[in-house]
Amino acid sequence: MLIAPPEILKVAREFLGLSQDQVEKHAGISRATIQRVERGVRDLPQYVLLLQHFYEKSGIEFVAPSGKRGWGLYNHNTTGKPLRLNKVARRTQRPAEPKPPSRKKGVDVPA
């Protein structure tokens with residue numbers, strides 16, 4: 001298993017809609033340590049693995065880089081739900097606003 005980079009761990013937490021305080025409560029890792037892991041402090045590999053394992057148990061799949069592609073995430077909690085992020089709401093067309101009168105050189109326009 002590859003160790004996910006700090007940015008991906010932060011995105012995983014955000015995908016789950018969890019705050020650092022909530023992760024602290026459920027994963028048993030202090031908030032200060034979670035902050036340090038997400039900032040990329042390198043001397044914490046055991047906590048990185050604990051966080052990664054917690055997120056995997058919570059429904060996140062870490063997709064390792066391959067070819068020219070970087071890291072990815074898959075949130076199994078959204079399987080079977082409509083993808084709201086991919087839908088674009090249709091706008092109702094507003095009537096066009098009238099253009100302001102053009103000013104001709106040398107012509108005074110009353111205020």
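The values are calculated or read from the model by the stated rules, or taken from the named source; none is laboratory data. Source: prediction; values computed, not measured. Cβ coordinates were reconstructed from backbone atoms using ideal geometry, including for glycine residues, and neighbour counts include every protein chain displayed. For the accessible areas, the whole protein counts, side chains as well, though only heavy atoms, and no ligand, DNA or RNA atoms are used. Shrake-Rupley method; radii C 1.70, N 1.55, O 1.52, S 1.80 Å.
Can you list residues from other chains, or at least 5 along the same chain, whose modelled amide H is less than 5 Å from the amide H of Val63?
Gly72, Leu73, Tyr74
Determine, at each q value in 0.11, 0.15, 0.24, 0.26 (inverse angstroms), the log₁₀ of I(q)/I(0) that the Debye formula gives when each Cα of region 1-79 is one equal point scatterer.
Normalising to I(0) and taking log10 leaves -0.25, -0.47, -1.19, -1.37.
Distance in nm between label sites at Ala32 and Glu7, each 7 Å beyond Cα in the beta-carbon direction?
Reported label-point gap for Ala32 and Glu7 is 2.8 nm.
Near the amide H of Leu18, under 5 Å away, which other amide H atoms are found, from residues 5 or more places off or on another chain, if H is placed in the peptide plane?
Here the answer is none, since no amide H 5 or more places off falls under 5 Å of that of Leu18.
Taking a probe of 1.4 angstrom, what is the accessible area of Leu50 in Å², to the nearest 10?
90
Give me the number: length gained by fully extending Glu56 to Tyr74, i.e. 0.36 nm times residue separation minus the C-alpha to C-alpha distance, one decimal in nm.
5.5 nm
Kindly write out, for region 46-56 in residue order, the coupling ³J(HN,Hα) from the Karplus curve 6.51 cos²θ - 1.76 cosθ + 1.60 (θ = phi - 60°), rounded to whole Hz, with x marking Gly and Pro.
So the Karplus estimates, Gly and Pro as x, are 5, 6, 4, 5, 4, 5, 4, 5, 4, 5, 5 Hz.
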